[in-house]
Structure formats: C-alpha cells, structure tokens
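Written below as structure tokens is the structure these notes are about.
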Amino acid sequence: MKEIELSFRNTDKKSFILGSITATLIAATPYLFYLYESVPDQQVWDTFLFTYDSKHYGSVFVLAWTLSNKFIPLFLLLIWFFTCRHWWYHVLLVPIAMFAYQIFTIFNEDLSYVDSKQILFLIPIMAIIVPSIYLIRAKMFNKINDAGKTMQDLEDEFKIKPKGFYGKIKEYF
C-alpha cells in the first residue's frame, strides 16, 4: 500500500519548483491584495504605459480596491482548480465564472451596480456543472453497491492524475 501511495507523490525537481512557486504565490496574496494602496486617489491616472479615467467609480483608487477584492479570490480559486485532484473539482468553475464576470463588469462603466444580476449569467454554467457532479456521485454509489468498494476507493478512481499545468488546460479545450 505504501508503494501505491508513494507513486502519487511526485518528488522530482520540476514538481518541487512548481510547488514552491505555487506556495509562494499563495503566501503573497495578502501583499498582492494591498497593491491597490499604491494607486492614486484621483479620477484620471496617467502613467507612462496608459491613462485611465475612472468615470463610474470617480477614483482610480476605488476601482483598484474593487478589482483587488475580486481578483485575489479568483486567483486562489484558479490555483485550487488546477491543483485539485478530487472528482468534484469542476464545481469550482461556478465561483470562478462568478468572479470572472464580476471583474468584467468592473471595467464596464455603464453598469450602476457591480454585483447585480450575475446569477442570470451563471445559470447556464451551473446547469451543466451541477447535474454532472450529481451524475458522477450517482455512478460512484452504483459502483459501491455493485463492487463492494469503499467510498475512498471510488474517490481515488475518480481523482485526476497529475498531468502538469498545460495538461490540465488541454483537458478542457
């Protein structure tokens, strides 16, 4: 049993480096969140790269604060999605879609409320993901009754084997 368990632990140099980078990015999220404090509290922000006029928010500082409140959870959910090996990880697409839509609406200056009516846009995503998760769960219970396997054995069967970041991306497209 130890040999099987150890085969899932990939300890080569590449996975160590990627794991270290991922852990560092997660640990740095409080610092990334407070980057909005470096943005000036004025309506027009001129830099050597761009000029941004915050018409809806009235201040680029408020825009940056709102954006950081949406980007950091999205960032952490994406890390969780791409590193999760459980069968239910597709459910994470629902909050990922929600935060991505909220970030999109932040830059849309015509909206008066950022977090309004987003559930209407999430319904098609939820209509696909939630039933598929229940179908997987039903298949697992059928296998328990037929094969006499434990729930942990079935979860291990449905876990995604490590493929790397680009392998997971290719899985969806």
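Computed quantities for the displayed model
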item: Region 51-92, accessible area per residue, ligands and nucleic acids excluded (1.4 Å, Å²); result: 48 Å²
item: Exposure rank, largest accessible area first [ASP53, ASP46; 1.4 Å]; result: ASP46, ASP53
item: Accessible area in the full protein assembly, largest first, 1.4 Å probe, for TYR36, TYR134, TYR89, TYR52; result: TYR134, TYR52, TYR36, TYR89
item: Sparsely packed trypsin sites (Lys or Arg not before Pro) within region 29-85, loop by DSSP, other Cβ within 10 Å at most 12; result: LYS55
item: Rough spin-label spacing in nm, given labels placed 7 Å along Cα→Cβ, for ALA23 and VAL44; result: 4.8 nm
item: By average C-beta atoms within 10 angstrom, highest first, the peptides 22-28, 58-64; result: 58-64, 22-28
item: Net lengthening on full extension, ILE128/PHE33 (0.36 nm per residue, minus Cα-Cα); result: 31.0 nm
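The values are calculated or read from the model by the stated rules, or taken from the named source; none is laboratory data. Everything numeric in this text was worked out from a predicted model, so none of it was measured. For neighbour counting, all protein chains shown are included, and Cβ atoms are generated from backbone atoms with ideal geometry for every residue, glycine included. Surface accessibility is based on the protein's heavy atoms, side chains included, excluding ligands, DNA and RNA. Shrake-Rupley method; radii C 1.70, N 1.55, O 1.52, S 1.80 Å.
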